[in-house]
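The values are calculated or read from the model by the stated rules, or taken from the named source; none is laboratory data. The shown structure was predicted, so the numbers you read here are calculated from the model rather than taken from an experiment. Cβ placement follows ideal geometry from the backbone for every residue including glycine, while neighbour counts extend to all protein chains displayed. Only protein heavy atoms, including side chains, enter the accessible area calculation; ligands, DNA and RNA are left aside. Shrake-Rupley method; radii C 1.70, N 1.55, O 1.52, S 1.80 Å.
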Amino acid sequence: MIAAAFAYYNYKYSQYRFINFKETILYTKSKIFEPKAERYIVVAYSSHMGDIEDKLEPLARKNEVLAIDLYQNRRRKEGNIIYLTAGTNTLLKIIHRFHIREVPSYFMIKKQNDNGLYKQDSKIYLLETEK
């Protein structure tokens with residue numbers, strides 16, 4: 001029984017990753033991002049690859065979107081889309097932690113506690129773009 005509980009715990013908490021916004025500092029255009037919503041859709045993309053706004057609109061209808069720009073172009077908040085960036089080391093940590101292999105890609109995160117801890121709540125999906 002104990003072995004089964006331990007195996008389940010390892011499976012459940014190693015399957016998806018965590019992000020703590022108190023430790024991982026992301027920036028909007030002019031200030032530090034502080035999460036307020038229960039759930040977000042996190043999109044990792046590069047503004048150098050072209051406009052992505054049309055592809056983010058359907059996602060923004062479901063939940064607020066955190067659009068993390070790997071090219072580090074700072075934009076403003078637009079509706080349910082919050083454009084974020086960070087230093088290179090922070091962006092590399094996010095890419096490594098969530099195993100992001102291609103951009104643009106997205107996944108859900110869900111609030112775990114009031115201290116800024118969020119847990120990945122879905123697989124990582126590739127955001128379809130026309131080439």
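Table for the structure above
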| quantity | calculated |
| --- | --- |
| Residue list for segment 14-44, restricted to those being among the aliphatic types (A, V, I, L, M), open to solvent by less than 80 Å² (accessible area, probe 1.4 Å) and outside any loop (DSSP other than H, G, I, E, B) | I19, I41, V42, V43, A44 |
| Residue count for segment 24-55, restricted to those that are aliphatic (A, V, I, L, M) and without any contact (Cβ under 8 Å) to a residue 40 or more places away in the chain | 1 |
| Segment 62-90 residues that are over 13 Å from F33 (Cβ atoms), paired with ones that are part of a loop (DSSP other than H, G, I, E, B) and not basic (K, R) (beta carbon under 6 Å, 6 or more apart) | L70/S46; Y71/S46 |
| Selection from segment 51-89 of residues that are aliphatic (A, V, I, L, M) and more than 15 Å from Y106 (Cα to Cα) | A86 |
| Selected residue (only one of I68, I109, I82, I100 is among the hydrophobic types (A, V, I, L, M, F, W, C) and part of a loop (DSSP other than H, G, I, E, B)) | I100 |
| Selection within segment 112-131 - part of a strand (DSSP E or B) and either among the aliphatic types (A, V, I, L, M) or over 19 Å from K55 (Cα atoms) (or both) | L117, Y118, K119, Q120, L126 |
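Matching residues to (1) of a type in the set (F, W, Y); (2) open to solvent by less than 90 Å² (accessible area, probe 1.4 Å):
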{"residue": "S46", "(1), (2)": "no, yes"}
{"residue": "N63", "(1), (2)": "no, yes"}
{"residue": "A67", "(1), (2)": "no, yes"}
{"residue": "Q72", "(1), (2)": "no, yes"}
{"residue": "N89", "(1), (2)": "no, no"}
{"residue": "E102", "(1), (2)": "no, no"}
{"residue": "M108", "(1), (2)": "no, yes"}
{"residue": "Y118", "(1), (2)": "yes, yes"}
{"residue": "K123", "(1), (2)": "no, no"}
